[in-house]
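Report on the following structure.
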Amino acid sequence: MDWLTNLIWYNDKLFGIEWSVWKVIGWAGNLIFFSRFFVQWYATERNKQVVVPAAFWWLSLVGSLLLLIYGLWRRDSVFIFAYLFTWIPYIRNLVIHHRHTKRHQICIQCGVASPPAANFCSTCGSHLVPETAHANQPKIER
Ligand SMILES: [Zn+2]
């Protein structure tokens, strides 16, 4: 277990990193940005089709903004350019996602959106409750 101790606590520092507020921002950005892959993978496995949930775009947006802040502090042109414009498609996808889920019916069983006129879910086949019947119930997030 000595190798593990050396990995976690190296050179009298956590992971051997010289920690500062900026390093915390940068690493938080890294972890948030990286976590989006697991969120998307989980959603895809659960629905048995390729699904990109809104959480994927939120994690992309927050993670890339933190990495941009870190890049600006570093004054690193490569870092800055890599994350300078990525927020545009992330926000656009969130807007489209919001409009889509607003107009469509979200299946209570599997969480997949179906067209407004559909009576049954195209993914799991369960009966879709019309919008007016459960208008007062909280929306199912996914
Ligand atoms: Zn369904």
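Things to note:
- Simple spin-label estimate for Ala28 and Val78 in nanometres, 7 Å along Cα-Cβ: 2.6 nm
- Normalised per residue, the volume of the convex hull around the Cα set of region 2-103 (Å³): 128 Å³
- Loop-located trypsin sites (Lys or Arg not before Pro) across region 1-110 with a Cβ neighbour count of 11 or fewer within 10 Å are Lys48, Arg75, with loop assigned by DSSP.
- Stretch in the chain that is longest and holds no chymotrypsin sites (Phe, Trp or Tyr not before Pro) that DSSP places in a loop and that have at most 15 other beta carbons within 10 Å: 20-84
- The sum of -39500 (n - 2.57) across all DSSP H runs of n ≥ 4, divided by the residue count of the chain, sets its helix-only mean residue ellipticity at 222 nm to -18500 deg cm²/dmol.
Each value in this text was obtained by applying a stated rule to the coordinates, not by laboratory testing. Please read these numbers as outputs of a predicted model, since none were measured by experiment. Positions of Cβ are generated from backbone atoms using ideal geometry, with glycine treated the same way; all protein chains shown enter the neighbour counts.
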